[in-house]
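The values are calculated or read from the model by the stated rules, or taken from the named source; none is laboratory data. Given the structure is predicted, the values throughout are model-derived calculations rather than measurements. Note that we place each Cβ from the backbone using ideal geometry, even for glycine, and neighbour counts take in every protein chain shown. Side chains included, ligands, DNA and RNA excluded: accessible areas come from the protein's heavy atoms. Shrake-Rupley method; radii C 1.70, N 1.55, O 1.52, S 1.80 Å.
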Amino acid sequence: MYLKRTLSFKKNDGSTHTLNQDELLSNGLPAIVLGEPGSGKTELLRSLAEPGSCVSFVTARAFIRNPQRHAKADVLLLDALDEVTAVKEGDALFNLLQALAEVDARKFLISCRAADWRHATAKYEIEEDFGVLPVVYDLQPIYDQQVQDYLRSAFGDSQLAESVHDSLKSSSLLAASGNPMFLRMTVDFAKSGNSFSNLSKSMLYRRVCEQLVAEANPVHAGDAHNTIAKEDLFEAAGGICAIMLLTGKSEISPIRSTEYDTALHLRECKELLSVENCEAALKTNLFNTIDGRFVPRHRTIAEFLGASWLAHTIEGERVDARVSKFLSLIQVDGHVPVSLRGIHAWLSLSDLFRRRVVNSDPYGVLRYADVSVFTADDVLFLVNSLEAFHARNPYFRADDFQNEQVVSVAQSPTLIERLRQILGATGEKFHLTSIVLELAQHPSLTEALSEELGHLLMNEGAYYAERQDAFTALFRNRYGSVNWVSVLEKLAAGNQDSNRLSVSILTQLGLDEFPADLVANCILGECGFPKEDEQDRETVLGSYFRLTQNADAQKLSDVLDALVVSIKARNFHTQEHGSLWAAYHHLAQFSLEAIPQVLASDVGTKAQSIWKWINFLVPSDLNSDNRKQKLDEFFETQPDLRTQVLDEALKA
């Protein structure tokens, strides 16, 4: 079951927009699609390359090696830039752009892991070579309803699907289920009757891999691998994956061929590994067979298996020296190459490698591996390493804020105190603080850091995003222990970021529990109407659709009345064509969402109120807005009400 995907992107004015995958190629090329491992980037690109069309799918690695093979394609879909190793001198993007220039290909879409995309410079390199900035898309997680639909389809049993969904919630793995590969692994795991109790990411990987080894592969049902010990097959598969990743190959071929230079010959693999059962391991469900060649089921699985095998293989005499020697071989000037970042991160599961790997690439470990199995001391070491990493590269997350690191971690008083210190320095180390705030969204850390989160929520010296993350943690895990009316009153009386945050909170919590005049004050502040001690303020553009969507009609009516009272009391209505023009037009977004909802209800609104709303809350020059036109169309169907409203206008 393929799940249609949604992507988000930022326009030049900084506003964020979304589109569905069917609009992707028509929205402008060149383009970049970013996503986390297993998020479905490859599936997305394959789905866009229809058979017989001039839209060609190819891996970035294969295209670099032979660009002429795809020279006739109108549009190139170039998958997995992050998997490109140093085929020749220069970095991956440089080599890819050089290959594109060779065939004069100007319409292309590149996919890459989000954490491995060079946000600061990469898109400008594309502009320099091709004369246009690429559109950068973030592949959004599949939403919860899609997860539930997929589970029902996979199990064919609504009750079992609901039970698995509930288990994901209770195990804190629900956020990860927005990743298609993780979701498929979850289904495989659940079908075998496994329990989700105390399940971690690495445990899930391990058990699913063991299960794939144990299951019969229908393509090779009669082969000898079915009689070999599963542990031996698992070891051989790990060795194969490690060799493939370390040599920059993407597949294993039983025959030597110049046509597939991305393949490692099976005989070479055997010689490098010095282990038995390589052929048998390739015939398990850990690998797919494509045109006689063997490909890992997914790159992230290959990274996990390869790291497990490497950690086990290096054990023995002089282990410290051997670990240091190996890590020096896969690092360049102390940095981990992008194509090896995943397997390097998974090495952190081994006590032998953990501190060295974390010290080299702490963010890679956090993004790709499983820190929930770390001890409290290891987590503290990770946090300190992230701080040192931040000192070397303050923008190490770049735009990689799409995927929250909400995981359970071991705690200690020393660790909690360290996290408090970081939260107390908000506004200074944003990329580091953002990670701590995401970790704090796990219930156990929310409880321990609740006081700091409350202070941060109200701190007008902090970044808006930091305050928003603090709210999210408190909302998810301590909703009942916070006086939200008091919080909103303070935010409504604060600066514009505070007002903006108050509207965001109202959108999450709903309007119904809050006084209408408080809601009105929050909306006016966010729209850009100045307070009594202010001369003016900027207007923050946003959408009020979600704010009004589930609100009670009577509450919306009361809020509209409260807005009119505030507008009249401050004489704002006399400035709708002057300094408050932008604020009025933003306010109209709320009014034109709310008024039709009220009129369509059975609240029984009087014509006098309707006229006040339109007169004071909707600018007279707002004729092109579709919502205004829909309001006009409504009155055409209600001639009596329209006449009554016009009478009120004449009286005024």
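Is at least one residue of region 83-102 modelled with pLDDT of 90 or more, open to solvent by 20 Å² or more (accessible area, probe 1.4 Å), among the charged types (D, E, K, R) and touching a helix residue (DSSP H, G or I) at 6+ places or on another chain (Cβ under 9 Å)? Within region 83-102, one or more residues are modelled with pLDDT of 90 or more, open to solvent by 20 Å² or more (accessible area, probe 1.4 Å), among the charged types (D, E, K, R) and touching a helix residue (DSSP H, G or I) at 6+ places or on another chain (Cβ under 9 Å). For region 119-139, filtering for residues that are at pLDDT below 90, assigned to a loop (DSSP other than H, G, I, E, B) and either under 22 Å from G40 (Cβ atoms) or of a type in the set (G, A, S) (or both) leaves 2.
Among the criteria (1) under 30 Å from P362 (Cβ atoms); (2) surrounded by 15 or more Cβ atoms within 10 Å (Cβ to Cβ), the one T121 does not fulfil is (2). Of all residue pairs spaced 6 or more apart or on separate chains, those with beta-carbon atoms under 8 Å, a first member in region 134-145 that is surrounded by fewer than 22 Cβ atoms within 10 Å (Cβ to Cβ) and a second member that is hydroxyl-bearing (S, T, Y) and at pLDDT 90 or above are Q140/T6; Q140/S8; Y143/T6. Reported count of residues in region 412-429, each being modelled with pLDDT under 90 and either more than 25 Å from the chain's Cα centre (by Cα) or within 21 Å of R367 (Cβ to Cβ) (or both), is 3. Counting only strands (runs of 3 or more DSSP E) that sit wholly inside region 11-65, not one has at least 2 residues that are charged (D, E, K, R) and exposed (fewer than 15 other Cβ atoms within 10 Å of the Cβ). Summed over region 367-384, the residues that are of a type in the set (A, V, I, L, M) and open to solvent by less than 10 Å² (accessible area, probe 1.4 Å) give a count of 5. Considered as a group, the residues in region 388-411 that are at pLDDT 70 or above, among the charged types (D, E, K, R) and surrounded by 17 or more Cβ atoms within 10 Å (Cβ to Cβ) include one that is nearest to the chain's Cα centre (by Cα), and that residue is D400. Only one of the listed residues (R367, R354) is among the basic types (K, R) and either touching a residue at least 40 places away in the same chain (Cβ under 8 Å) or out of contact with any helix residue (DSSP H, G or I) (no Cβ under 8 Å at 6 or more places or on another chain) (or both). That residue is R367. Counting only helices (runs of 4 or more DSSP H) that fall entirely inside region 428-487 and contain at least 3 residues that are of a type in the set (A, V, I, L, M), the qualifying elements are 430-439, 450-458, 464-477.
If you go through region 66-76 and keep only what is of a type in the set (A, V, I, L, M) and surrounded by 14 or more Cβ atoms within 10 Å (Cβ to Cβ), you end up with A73, V75, L76. Highlighted here are the helices (runs of 4 or more DSSP H) found entirely within region 550-652 that include at least 3 residues which are modelled with pLDDT of 85 or more, of a type in the set (V, I, T) and open to solvent by less than 40 Å² (accessible area, probe 1.4 Å): 553-569.
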